[in-house]
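Below: one structure, written as structure tokens.
The values are calculated or read from the model by the stated rules, or taken from the named source; none is laboratory data. These numbers were taken from a predicted model, which means no experiment stands behind them. Using ideal geometry, Cβ is built from the backbone for each residue, glycine included, and neighbour counts are taken over all protein chains shown. Only protein heavy atoms, including side chains, enter the accessible area calculation; ligands, DNA and RNA are left aside. Shrake-Rupley method; radii C 1.70, N 1.55, O 1.52, S 1.80 Å.
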2 protein chains.
Amino acid sequence: MGNVTLRSVAEAAGVSVSTVSNAYNKPDQLSAEVRQRVLETAKTLGYAGPNPAARSLRSQRARAIGLVFTERLSYAFSDPYSVGMLAGLAEVAEEFQTGLLLIPLRPFDPERPEEVEASAEAMRAAVVDGLLAYCLDIDHPAREIAVDRGLRMVATDDKDPRMDGLVLIDERGAARQVGEHIRRLGHRSVGIVVDSKVDSSAVVEVDDVQHRSMSFSWDRYDGFREGLGPDVSVQTVAPPGHNSVEAGRSAGAHLLDRQDRPTAIITVSDVLALGVLDAMRQRGLTPGRDVSLSGFDDIPAAADAGLTTVRQPIAERGRIAGRMLLDPDYTERRIVLPTELVVRSSTGPATTSPTR
Amino acid sequence: MGNVTLRSVAEAAGVSVSTVSNAYNKPDQLSAEVRQRVLETAKTLGYAGPNPAARSLRSQRARAIGLVFTERLSYAFSDPYSVGMLAGLAEVAEEFQTGLLLIPLRPFDPERPEEVEASAEAMRAAVVDGLLAYCLDIDHPAREIAVDRGLRMVATDDKDPRMDGLVLIDERGAARQVGEHIRRLGHRSVGIVVDSKVDSSAVVEVDDVQHRSMSFSWDRYDGFREGLGPDVSVQTVAPPGHNSVEAGRSAGAHLLDRQDRPTAIITVSDVLALGVLDAMRQRGLTPGRDVSLSGFDDIPAAADAGLTTVRQPIAERGRIAGRMLLDPDYTERRIVLPTELVVRSSTGPATTSPTR
DNA sequence: TCGTTCTACTTGAACGATTTAGTACAACGA
DNA sequence: TCGTTGTACTAAATCGTTCAAGTAGAACGA
């Protein structure tokens with residue numbers, strides 16, 4: 001089984017190997033009758049079509065693009081934002097008859113370099129034409145391997161100058177709008193919830209410097225602070241674990257239970273905001289009245305929850321990344337997509353009596 | 001660039017091609033010093049390691065397993081159950097240094113066979129050693145192609161006898177326990193929420209026969225009915241759209257707003273149950289007191305919500321599927337994993353006054 | 001001293017396709 | 001009638017590895 005090749009088909013059909021190949025790849029290069037005959041003998045021989053590996057080798061095209069898959073991305077799949085982008089990417093991939101190869105890697109961890117290094121070898125073995133560097137740590141050795149291989153690389157959130165394509169939003173500018181919105185509403189004590197790169201077991205309070213090394217989203221953070229201005233007092237916390245509703249809930253609990261509860265809470269993602277919303281509900285607080293809350297991304301659930309947030313074209317981000325990787329006619333190499341502040345009921349004016 | 005091959009490295013290092021190959025694949029076959037020299041010249045030449053396509057061709061191993069990726073699976077990624085299974089699969093894949101290839105396909109649709117057929121060609125091009133037939137419709141042409149290719153196929157929820165491996169739970173038996181639990185609590189009017197295979201725009205009421213063709217989960221459905229027994233009156237609904245919290249919410253709304261509101265609601269998944277829970281909250285109903293509710297799967301959020309459900313080893317399902325595909329020492333071909341009814345606060349005795 | 005075993009490499013044949021350059025033959029216009 | 005063009009196919013090289021088989025030389029025991 002399985003050892004039926006182009007040659008066996010060619011012999012059985014009484015034509016040359018190239019003709020059989022053409023029957024599959026270039027139907028206009030041969031007469032309809034011969035093609036018909038070839039395809040029929042292929043069927044009776046149980047030939048399942050050209051061997052993909054051989055085809056990849058000869059044509060120098062893998063018909064697949066890579067996507068790094070760490071534990072973190074596995075969590076990311078619970079995040080509607082990632083799913084939306086992946087859906088956009090898959091749409092283009094389908095259009096180009098191209099697969100999406102998840103490359104399982106150990107997440108970067110300076111504590112155990114040899115394990116990470118070993119898992120990075122998977123990047124060598126990946127049969128891909130290009131790579132979407134999503135959730136791939138800047139220091140991960142797999143990144144070097146990808147560069148060495150000369151893989152076309154596209155990122156949606158990356159600072160690496162070696163990228164062949166970038167699909168961005170103005171993170172900082174968008175975040176600034178959120179900050180300004182909150183400031184204009186009169187809030188002077190604001191909590192910020194960031195995501196956390198490191199594993200902690202509890203909510204940690206973060207200062208501006210720590211944040212740089214602890215979180216993925218300091219552009220947003222900087223934007224928030226810019227928009228809020230110097231007169232607003234800010235308390236930043238990072239929840240334990242990954243970007244999730246659960247994490248948001250614990251961060252929200254932490255902020256809401258403080259003596260000096262902030263009058264507004266800003267989060268770096270809608271998922272975290274939904275968690276904070278839960279924490280508010282549990283405490284009988286009404287969003288937009290007792291405490292204001294804003295998110296980021298505008299995932300579908302944000303509208304249902306009445307969450308003020310920044311809308312970004314999520315699926316479009318994936319689509320463009322896909323085009324950059326797959327469509328030779330798409331020559332743009334750096335796209336900055338528009339965002340929009342969407343004000344909903346979860347933000348409102350600071351109450352004049354800012355006590356509990 | 002990129003045209004550095006084993007041969008160029010071999011020439012530069014003054015050794016044979018096989019020696020260079022061995023330097024990468026069988027370090028014990030050559031002396032440490034030669035290996036060192038080879039690796040160094042490889043580095044200076046900018047050789048990124050053996051070309052994966054060529055390696056796949058020669059060794060007849062793709063180092064990747066396939067996963068069908070339709071729009072439906074893209075929604076499935078929002079489902080913690082799928083994510084959990086995928087995480088288990090990825091764990092094993094990482095262990096075996098193997099990639100996970102998502103193969104984008106059009107979902108099966110008898111209305112437009114040619115589009116589906118065309119997209120199924122992606123199954124021909126996939127460089128994979130095996131396939132996890134998850135979310136792959138039984139009638140999808142890609143399934144035939146996979147069979148023709150002689151791909152090793154494993155399923156976690158499939159009736160196809162051509163599968164090389166099955167990782168199952170006793171769906172019907174587990175569902176029966178749920179039904180019995182509800183019956184013993186005294187409920188005599190029960191709503192069942194199933195998932196829907198077809199696209200409808202609103203909640204539809206389903207009878208036993210329709211259900212067969214409309215849903216993916218009729219084993220569970222049959223189990224529910226068996227456990228409930230003949231004395232319980234059942235109203236079955238299928239929400240519009242895919243398995244999601246949102247869908248559960250609308251199905252729940254439909255059942256709860258009926259004149260003859262059921263005293264208990266059973267769903268085929270926790271995700272749907274969480275939606276029903278939302279609908280109950282919106283109506284000020286307390287789960288387990290006013291209306292009982294049970295789910296299926298025991299995703300992490302179920303415990304938080306106090307949801308009665310069936311626990312199944314989710315990640316383990318993915319892990320075993322991975323082993324069946326990748327581990328030659330794993331010879332088991334059909335595994336039925338244990339389940340357990342987990343009773344939490346969302347189910348309680350039927351109230352003696354069963355009126356609104 | 002001779003045969004045997006071991007180590008460290010090399011040789012050359014696959015793996016299964018695509019692609020370039022060609023050939024044979026028919027059709028065509030002048 | 002001859003050269004040109006086009007159609008339908010073929011021959012042979014090539015993609016970059018891995019792997020089975022082979023060899024040269026050192027080391028060893030009797």
Exercise. Between B:Asn3 and B:Arg258, what FRET efficiency comes out of the Förster formula 1/(1 + (r/R0)^6) with R0 = 51 Å and r the beta carbon distance, rounded to 0.05?
Worked result: 0.15
Seminar exercise, completed: Projected convex hull area of segment B:243-297, Cα atoms, direction-averaged, in nm², equals 3.2 nm²
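At 0.36 nm per residue, minus the direct Cα-Cα distance, what do B:Glu115 and B:Val147 gain on full extension? Give it in nm, one decimal, please.
9.5 nm
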For this session: Sticking with the crude label model, points 7 Å out along Cα→Cβ, report the distance from A:Arg58 to A:Arg283 in nm, one decimal please.
Result: 6.7 nm
Problem set entry | Surface per residue (accessible, 1.4 Å probe) for chain A, Å² | 44 Å²
Exercise. How large, in percent, is the carbon and sulfur part of the accessible surface of segment A:171-312 at a probe radius of 1.4 Å?
Worked result: 48 percent
Exercise. Which value, to two decimals, describes the C-alpha radius of gyration of segment B:141-245 once divided by 2.2 N^0.38 Å?
Worked result: 1.28
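In Å² (nearest 100), what accessible area is buried between A and B, both sides summed, heavy protein atoms only, 1.4 Å probe?
Interface area, both chains combined: 3500 Å², rounded to the nearest 100.
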Problem set entry | Copy-to-copy label separations for A:Ala303, where each label sits 7 Å from Cα toward Cβ, in nm and ascending | 3.5
Problem set entry | Estimated D of segment A:1-84 in µm² per second, where Rh is the Kirkwood radius over Cα pairs and Stokes-Einstein applies at 37 °C, 0.692 mPa s | 214 µm²/s
For this session: Quick one: net charge around B:Leu45, please, counting Lys, Arg +1 and Asp, Glu -1 for every other residue with C-beta under 12 Å from its C-beta.
Result: -1
Exercise. Quick one: length gained pulling B:Ala303 to B:Ser18 fully straight, 0.36 nm per residue minus the C-alpha distance?
Worked result: 96.9 nm
Problem set entry | Calculated label separations, B:Gln97, copies of the chain, 7 Å along the beta-carbon direction, nm | 3.2
For this session: May I have the convex hull volume per residue, in Å³, for the Cα set of the protein assembly as shown?
Result: 176 Å³
Exercise. Taking Cα atoms of chain A, Rg/Rh with Kirkwood Rh, to two decimals?
Worked result: 1.12
For this session: Compute the signed sum of charges (Lys and Arg +1, Asp and Glu -1) over the other residues within less than 15 Å, Cβ to Cβ, of B:Ala273.
Result: -3
Exercise. Which lysines have a Cα lying under 17 Å from the Cα of A:Lys197, excluding residues fewer than 8 positions away in the same chain?
Worked result: A:Lys159
Problem set entry | Simple label model, 7 Å out from Cα along Cβ direction - B:Glu226 to A:Ala315, nm | 4.0 nm
Exercise. Using helices alone, what [θ] at 222 nm do you get for chain B, with -39,500 (n - 2.57) per DSSP H run of 4 or more residues, divided over all residues and rounded to the nearest 500?
Worked result: -12500 deg cm²/dmol
For this session: Would you mind working out the magnitude of the charge dipole of segment A:242-356 relative to its Cα centre, with +1 at each Lys and Arg C-beta and -1 at each Asp and Glu C-beta, to the nearest 20 Debye?
Result: 300 debye
Exercise. So what is log10(I(q)/I(0)) for segment B:82-216 at q = 0.09, 0.18 1/Å, when the Debye sum runs over its Cα atoms only?
Worked result: -0.38, -1.18
Exercise. What residues does segment A:16-57 have that are buried by at least 40 Å² of accessible area in the full protein assembly compared to the chain on its own, 1.4 angstrom probe?
Worked result: A:Ala48, A:Pro52, A:Ala53, A:Leu57
Problem set entry | Position A:Ser16, label points 7 Å along Cα→Cβ, spacing to each other copy in nm (shortest first, one decimal) | 3.5
Problem set entry | Pairwise centroid distance, computed over Cα atoms, of segment A:265-320 with segment A:111-132, Å | 35 Å
Problem set entry | Electrostatic dipole magnitude of the protein assembly as shown [Cβ: Lys, Arg +1; Asp, Glu -1; Cα centre; debye, to 20] | 160 debye
Exercise. If segment B:56-120 were replaced by its equivalent ellipsoid, with semi-axes equal to the square roots of 5 times the Cα gyration tensor eigenvalues, what would those be, largest first, whole Å?
Worked result: 26, 20, 5
Seminar exercise, completed: About its Cα centre, segment A:161-306 carries a charge dipole, from +1 on Lys and Arg Cβ atoms and -1 on Asp and Glu Cβ atoms, whose size in debye to the nearest 20 is 360 debye
Seminar exercise, completed: For the protein assembly as shown, whose charge dipole is built from +1 on Lys and Arg Cβ atoms and -1 on Asp and Glu Cβ atoms, the candidate among A:Val268, B:Ser292, A:Thr98 with its Cα farthest towards the positive end is A:Thr98
Exercise. Which net charge results for the neighbourhood of A:Ser345, defined as the other residues with beta-carbon distances under 12 angstrom from its beta-carbon, given Lys and Arg at +1 and Asp and Glu at -1?
Worked result: +1
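Once fully extended, how much extra length lies between A:Asp164 and A:Ser233, figured as 0.36 nm per residue of separation less the alpha-carbon to alpha-carbon distance?
20.8 nm
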Problem set entry | Cα→Cβ-extended label distance, 7 Å offset, between A:Ala202 and B:Ser345, nm | 2.5 nm
Exercise. Translational D (Stokes-Einstein, µm²/s) of segment A:202-302 at 10 °C and 1.306 mPa s when Rh comes from the Kirkwood sum over C-alpha pairs?
Worked result: 116 µm²/s
